[in-house]
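*Asks:* Can you keep this structure in mind? I'll have questions shortly.
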Amino acid sequence: MAVTLKKIISILNGRPLKLSSSGDGENIEIKGIDYYTEQLTDLSPDYVYVLKASEIYRRPLGNKNYFIIIENEPLDEKQLRENNAILVDKEWAPEGVVKQIRQLFEDQYRVGDSSIKILMACQKGATIQQLLDLGYQMLCNPLLLVDVSLCFIAHSGGNNIDNEPLWEWTLSKGYVNKEYARSVMTDDSQTEMLEGDTVLVIWETGLLNHRQLVGRVLDNNRPLAYLKLLEYHHPITESDEEILIMLCHAVAMTMAHVSDSSHIASSLSDTFLIALLNQKMYDHTAIEEREKMYGLKLYKNLFALVIRIDNRYP
């Protein structure tokens, strides 16, 4: 797997001297990393090589390769203008640079491997629960799926949680508690997540004992649900975030292809009414809270009229 030179520069907080005609390195893919030594004779054009500034005099740098130079002594940058060099702080050690970049490659491989597993699961017709179970295996942190009115749909790994009251409440009651629902409705960042076209994930804290990363499950920019990843067993990484986004896409496709999910409403009020009719929400206090938040006027009884249409011709 390859990572971009731009990502490497960002990780190392480096300063590029020249990137040919490729701008900031976003389109330059690097497939490996190695130490630049006198014994190394065959250089690869898609590798990046690490050395100290004090070692440059031993061997000239080629202008067709990429180098990471640790500034352990002053450099004459004019002599390096023709080289694709990235200068990094003297506090870096060559071993630390190589370790950091190799971790990038491992993370990239993990994301690619996970994408294949998710794609294969979708091709085999995996259910929403099976997708969440697969996600739990890959991410090793609990997952919780709720609809846009914050009613429970499915979870994986949540049974092992014993010190996160909000999750315990949601799993036992079938919907989030009123304090969390109220905070979501009034939180500016959450509003951006609900209404923005480009925000795919957002961090949530506040009422939780652990951080959680929330991914949007979208069908043509129409919110279907929210997939929550709880930072419970270990810290959530950037690669975890990428995998969560892929899971959200897979869940969206699955929900869109389920017959009774193809008519899921996009508004909070509609999904709230559906939750009432499905008896997912039954606590009177919680129902009254949602009525106020959504600006609804409910009657004492709600009825559903179901019309069955078959394929017979008249």
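*Asks:* Does segment 250-260 include one or more residues that are at pLDDT below 85 and touching a Pro at 6+ places or on another chain (Cβ under 8 Å)?
*Replies:* No, segment 250-260 contains no residue that is at pLDDT below 85 and touching a Pro at 6+ places or on another chain (Cβ under 8 Å).
*Asks:* Please go through segment 196-252 and pick out each residue that is open to solvent by less than 60 Å² (accessible area, probe 1.4 Å), of a type in the set (Val, Ile, Thr) and either touching a residue at least 24 places away in the same chain (Cβ under 8 Å) or part of a strand (DSSP E or B) (or both).
*Replies:* Of everything in segment 196-252, those that are open to solvent by less than 60 Å² (accessible area, probe 1.4 Å), of a type in the set (Val, Ile, Thr) and either touching a residue at least 24 places away in the same chain (Cβ under 8 Å) or part of a strand (DSSP E or B) (or both) turn out to be 201, 202, 214, 217, 236, 243, 245, 251.
Residue-by-condition table, conditions (1) in contact with a Phe, Trp or Tyr (Cβ under 6 Å, 6 or more places away or on another chain); (2) part of a helix (DSSP H, G or I); (3) within 24 Å of residue 248 (Cα to Cα):
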residue: 73; (1), (2), (3): no, no, no
residue: 86; (1), (2), (3): no, no, no
residue: 98; (1), (2), (3): no, yes, no
residue: 106; (1), (2), (3): no, yes, yes
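*Asks:* To continue, here is another question. Restricting attention to segment 179-190, does a residue exist that is open to solvent by 50 Å² or more (accessible area, probe 1.4 Å), at pLDDT 80 or above and not in a helix (DSSP H, G or I)?
*Replies:* For segment 179-190, residues open to solvent by 50 Å² or more (accessible area, probe 1.4 Å), at pLDDT 80 or above and not in a helix (DSSP H, G or I): absent.
*Asks:* Could you list, in sequence order, all residues of segment 55-69 that are surrounded by 13 or more Cβ atoms within 10 Å (Cβ to Cβ) and without any contact (Cβ under 8 Å) to a residue 60 or more places away in the chain?
*Replies:* Across segment 55-69, the qualifying residues are 55, 56, 61, 62, 63, 65, 67, 69.
*Asks:* Then there's this: Can you tell me how many residues in segment 15-39 are modelled with pLDDT of 90 or more and open to solvent by less than 60 Å² (accessible area, probe 1.4 Å)?
*Replies:* 5
*Asks:* Working only within segment 44-59, note down all residues that are charged (D, E, K, R) and within 38 Å of the chain's Cα centre (by Cα).
*Replies:* 46, 52
*Asks:* Before we move on, is residue 106 acidic (Asp, Glu) and surrounded by 16 or more Cβ atoms within 10 Å (Cβ to Cβ)?
*Replies:* In short, no.
*Asks:* Just to be sure before I move on: is residue 68 in contact with a strand residue (DSSP E or B) (Cβ under 8 Å, 6 or more places away or on another chain), modelled with pLDDT of 85 or more and assigned to a helix (DSSP H, G or I) in the structure I sent?
*Replies:* Answer is no for this residue.
*Asks:* Please specify each residue of segment 154-167 satisfying the condition of being at pLDDT 85 or above and out of contact with any helix residue (DSSP H, G or I) (no Cβ under 7 Å at 6 or more places or on another chain).
*Replies:* Answer for segment 154-167, where residues must be at pLDDT 85 or above and out of contact with any helix residue (DSSP H, G or I) (no Cβ under 7 Å at 6 or more places or on another chain): 163, 164, 165.
*Asks:* Restricting segment 1-14 to residues that are modelled with pLDDT of 80 or more and assigned to a loop (DSSP other than H, G, I, E, B), which is surrounded by the fewest Cβ atoms within 10 Å (Cβ to Cβ)?
*Replies:* Applying the filter and picking the extreme gives 13.
*Asks:* Now a separate question. Just the residues that are assigned to a helix (DSSP H, G or I), touching a Leu at 6+ places or on another chain (Cβ under 8 Å) and not aliphatic (A, V, I, L, M), please, taken from segment 160-178.
*Replies:* 167, 170, listed by residue number.
*Asks:* Related question: So if I check each of 89, 42, which one is out of contact with any strand residue (DSSP E or B) (no Cβ under 7 Å at 6 or more places or on another chain), at pLDDT 90 or above and either among the hydrophobic types (A, V, I, L, M, F, W, C) or open to solvent by 80 Å² or more (accessible area, probe 1.4 Å) (or both)?
*Replies:* 89
*Asks:* Out of contact with any strand residue (DSSP E or B) (no Cβ under 8 Å at 6 or more places or on another chain), open to solvent by less than 50 Å² (accessible area, probe 1.4 Å) and closer than 27 Å to residue 222 by Cβ: which single residue out of 134, 139, 143, 150 fits that description?
*Replies:* Sole residue among the options that is out of contact with any strand residue (DSSP E or B) (no Cβ under 8 Å at 6 or more places or on another chain), open to solvent by less than 50 Å² (accessible area, probe 1.4 Å) and closer than 27 Å to residue 222 by Cβ: 134.
The values are calculated or read from the model by the stated rules, or taken from the named source; none is laboratory data. Bear in mind the structure is a predicted one, so any value in this text is a computation, not a measurement. Note that we place each Cβ from the backbone using ideal geometry, even for glycine, and neighbour counts take in every protein chain shown. Keep in mind that these areas ignore ligands, DNA and RNA; they rest on the heavy atoms of the full protein, side chains included. Shrake-Rupley method; radii C 1.70, N 1.55, O 1.52, S 1.80 Å.
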